[in-house]
Amino acid sequence: KLQKAILKTTENFSCNFIIEVEEGRDVIVLQLTDPQIIDSAQARYESRLSVEEKTYWATENIEKRCYRYIRETIKKVKPDLILITGDLVYGEFDDKGTALLSFIDFMEGFKIPWAPIFGNHDNDTAKGVDWQCQQLINAEYCLFNKGETTGNGNYIVGIMQGGELKRIFVMLDTHGWCCAAGLTMEQVDWFTKQVMKIVNEE
């Protein structure tokens with residue numbers, strides 16, 4: 001059973017999380033993007049979806065429309081780390097937060113470290129980004145840190161083999177559609193400083 005404490009950075013590196021992989025083999029990282037789960041039962045406006053779309057995106061169809069493809073891919077690839085680069089859920093269709101909680105439970109079931117970042121639709125939910133961030137932080141296998149700069153989720157995951165830092169993944173929030181999309185100069189400065197710290201630590 002994976003404990004997050006094992007993954008948290010030591011004083012030796014400026015990564016927020018460290019994944020240790022045994023030597024003698026390639027590290028396998030799987031990137032998924034835009035699961036963008038829509039739960040039509042949570043549509044805010046009756047006219048938002050057509051009759052066909054309501055059926056297509058019905059709660060009971062999430063497994064068929066999304067989860068089964070992710071499950072098949074993970075089973076085939078057998079990754080050491082899963083990166084999810086935005087739009088876990090379509091926030092407009094998750095005002096109760098149940099779609100996000102379901103997705104977290106689904107990902108946790110693989111018992112593989114997974115590192116998500118917000119897309120441009122996640123944060124459009126009545127539950128709010130603070131609640132969303134806390135659910136990700138609370139999940140055992142989820143590597144997520146809200147970060148010390150602007151946005152919701154700015155952090156670094158490192159891959160280590162034989163005591164050597166082999167790779168880093170810098171996760172940055174490019175902000176949602178309701179905000180000015182893109183990176184801020186504060187994030188760029190943070191990125192530059194963190195990467196230079198890691199380079200100098202090596």
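The values are calculated or read from the model by the stated rules, or taken from the named source; none is laboratory data. Keep in mind it's a predicted model, so treat the numbers as computed, not measured. Positions of Cβ are backbone-derived with ideal geometry, glycine not excepted, and every protein chain shown enters the neighbour counts. Ligands, DNA and RNA are excluded from the accessible area calculation, which covers all protein heavy atoms including side chains. Shrake-Rupley method; radii C 1.70, N 1.55, O 1.52, S 1.80 Å.
List of remarks:
- Residue check for PHE144: part of a loop (DSSP other than H, G, I, E, B), of a type outside the set (Asp, Glu) and at pLDDT 95 or above: yes
- Qualifying position, being closer than 17 Å to ALA99 by Cα and in contact with a Lys or Arg (Cβ under 9 Å, 6 or more places away or on another chain), among TYR56, TYR67: TYR56
- Unmet criterion (only one of (1) modelled with pLDDT of 95 or more; (2) closer than 30 Å to LYS197 by Cα) for ILE19: (1)
- In summary, helices (runs of 4 or more DSSP H) completely within segment 19-112 and bearing 3 or more residues that are in contact with a helix residue (DSSP H, G or I) (Cβ under 9 Å, 6 or more places away or on another chain) and within 21 Å of ASN154 (Cα to Cα) occur at 98-108.
- Candidates GLU52, GLU46, GLU108, GLU20 - the one that is open to solvent by 20 Å² or more (accessible area, probe 1.4 Å), more than 22 Å from HIS175 (Cβ to Cβ), of a type in the set (Asp, Glu) and in contact with a Phe, Trp or Tyr (Cβ under 6 Å, 6 or more places away or on another chain): GLU108
- Qualifying residue in segment 58-65 (condition: under 18 Å from GLN42 (Cα atoms), under 17 Å from the mean Cα position of the chain (by Cα) and at pLDDT 95 or above): no
- Pairs meeting the criteria (first residue in segment 73-94 and over 17 Å from THR174 (Cβ atoms) and β-branched (Val, Ile, Thr), second residue open to solvent by 10 Å² or more (accessible area, probe 1.4 Å) and outside any strand (DSSP E or B), beta carbons under 6 Å, at least 6 apart or on different chains) are ILE74/PHE110; ILE82/ILE112.
- Residue list for segment 128-163, restricted to those being more than 15 Å from the chain's Cα centre (by Cα) and over 28 Å from MET185 (Cα atoms): MET160, GLN161, GLY162, GLY163
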